[in-house]
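What follows is a set of notes on a single structure, which appears directly below.
Any read-out appearing in this document is the output of simple, stated calculations on the displayed coordinates, not a laboratory observation. Please read all numbers here as calculations on a predicted model, not as lab measurements.
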């Protein structure tokens, strides 16, 4: 079972410049020295009073203009950012297909890279090894998998990353924009595969600017504005309001 | 949160890091693999370049100090290998968290994972250098004896202290970027004031106690001296245990205390 509960979550980013990072400034501050450095560093309030509760089966879309806090919220949901205040309770395994090439090594072969990706996704070596064949087949890269990754084109590397990343179904799937890879034929294949993963995940949170996509995959929408929830509800209703606000 | 609660939260981070040992293994190994991937000799270069360096050092220093090569060269060689094991991970620690920002930003990962990978990498390097140590034994026949067994607890204690120190350095240096340069300088000075290029015997006896205040000298002696058949000064074990214990209290406490903020320093 997977569930997510955010209660009154605030997230404040401290922005460190050279001065705030300087040890001397910090020591002087502690000593109350004559040189009074500015006491507070700049902060950015990225999220403010977020409440949400998600259960198995929820399909949530996140909308809002750039800087509204979508990615930050996704990172709170992925347990990457601890809330500055409020509580975040998140149960279940999480996978965010945000950086799908993480852990790949250009000097290692395609097969090795599949293994690396699966380990970074949290599998054990034996689990990963048993999945390699399926991932390799799906990637359609054939004998290229014996060559080092640096010999691949960008598209081929992406295919490999995509095939590995979508081979595991997490309890909670967090997506910052839809992912896909490859040329026309692979695109179709990859779309079917990601749809399967989306369906199989217990909770889906998808942030996107593509409203049609959200209509397809999400049954509720959270509209973020300046770090606050501006509106939430069934997809059609919120998207209509959003479209009106845009035009 | 109480101080004790913060300490426990810090320990949990160490635990979580241990659970993701597979990622630590891949991270630790990847740099070595990339560095030697297209060279013909590959990872043999690890041992080879160390051998070249330490033999050159040993020859030059034994001439300069007017010491018999038979004693001094193996001393210099093994000392340098152990010195690298101790200090390389500390130096890497300064930038380790920010260098792995992409990892921390993509998935929940304990910071300890990266710290483990640093120390693990140096252990791999050390393992490659064992062949040089054996070479020194075979060629120069240092007066090895049963105290060689003490190498094992010495290494364990050193590795433990390295993990705690590396994490501590990583925390401070990630928050205060000036510390990165500071640490590099501290290690450089430590190289001079620690018996790395010289033997403790070169110091007048009456000043030898100074070395007990140099943690580098203490841990270096613990790991190195058994490998050379030299006796570890008795109080060094006590000092090393004391230092490690202190670090085992301070580091997890700080990790727990700042656990909510570290991510934003990266």
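Calculate how large, on average over all directions, the projected area of the Cα convex hull of the range B:125-266 is; give the answer in nm² to one decimal. Can you show the working numbers first?
Numbers: hull surface 40.5 nm².
The number I arrive at for the range B:125-266 is 10.1 nm².
When the convex hull of the C-alpha atoms of the protein assembly as shown is computed, what volume per residue in Å³ does it have?
Normalising the Cα hull of the protein assembly as shown by residue number yields 187 Å³.
Could you work out the per residue convex hull volume over the alpha carbons of the range A:110-201, in cubic angstrom?
Numbers: hull volume 9.0 nm³, N = 92.
Roughly 98 Å³ of hull volume per residue.
Provide the three semi-axes, in whole Å and in decreasing order, of the ellipsoid equivalent to the range B:219-266 as defined by the square roots of 5 times the Cα gyration tensor eigenvalues. It would help to have the intermediate numbers written out before the result.
Working: eigenvalues 239, 31, 4 Å².
Result for the range B:219-266: semi-axes of 35, 13, 5 Å.
Determine the calculated [θ] at 222 nm for chain B from helices alone, applying -39500 (n - 2.57) to every DSSP H run no shorter than 4 residues and normalising by the residue count; nearest 500 deg cm²/dmol.
The helix contribution divided over chain B gives -26500 deg cm²/dmol.
When the Kirkwood radius is taken over all Cα pairs of the range B:1-104, what Stokes-Einstein diffusion coefficient follows at 37 °C and 0.692 mPa s, in µm²/s?
Values: Rh = 17.3 Å.
Rounded, D is 189 µm²/s.
Average projected area of the Cα convex hull of the range B:3-265, in nm²? Walk me through the numbers before you get to the answer.
Values: hull surface 61.3 nm².
The directionally averaged projection comes out at 15.3 nm².
What number, rounded to the nearest 500 deg cm²/dmol, is the helix-based mean residue ellipticity at 222 nm of chain A, given -39500 (n - 2.57) per DSSP H run of at least four residues and division by all its residues?
Numbers: 8 runs with 91 residues, N = 247.
My calculation for chain A gives -11500 deg cm²/dmol from helical runs alone.
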Fill in the blank from the handout: Note on the range A:110-201: contact order normalised by length, alpha-carbon pairs under 8 Å, 6 or more apart, percent, works out to 29 percent
Practice task
Would you please report the Å³ per residue occupied by the convex hull of the alpha carbon atoms in the range A:153-247?
Solution key: 124 Å³
Handout entry: Reciprocal of mean inverse Cα separation for chain A (Kirkwood radius, Å)
Key = 20.2 Å
Completion exercise
The relative contact order of chain B, taking Cα pairs under 8 Å that sit 6 or more residues apart, comes to a percentage of 33 percent
Fill in the blank from the handout: Cα-based Rg and Dmax for the range A:71-155, in Å, come out at 16.2, 52
Exercise for the section: Out of all DSSP beta bridges with both ends in the protein assembly as shown, state the antiparallel percent to the nearest 5. Expected result: 55 percent
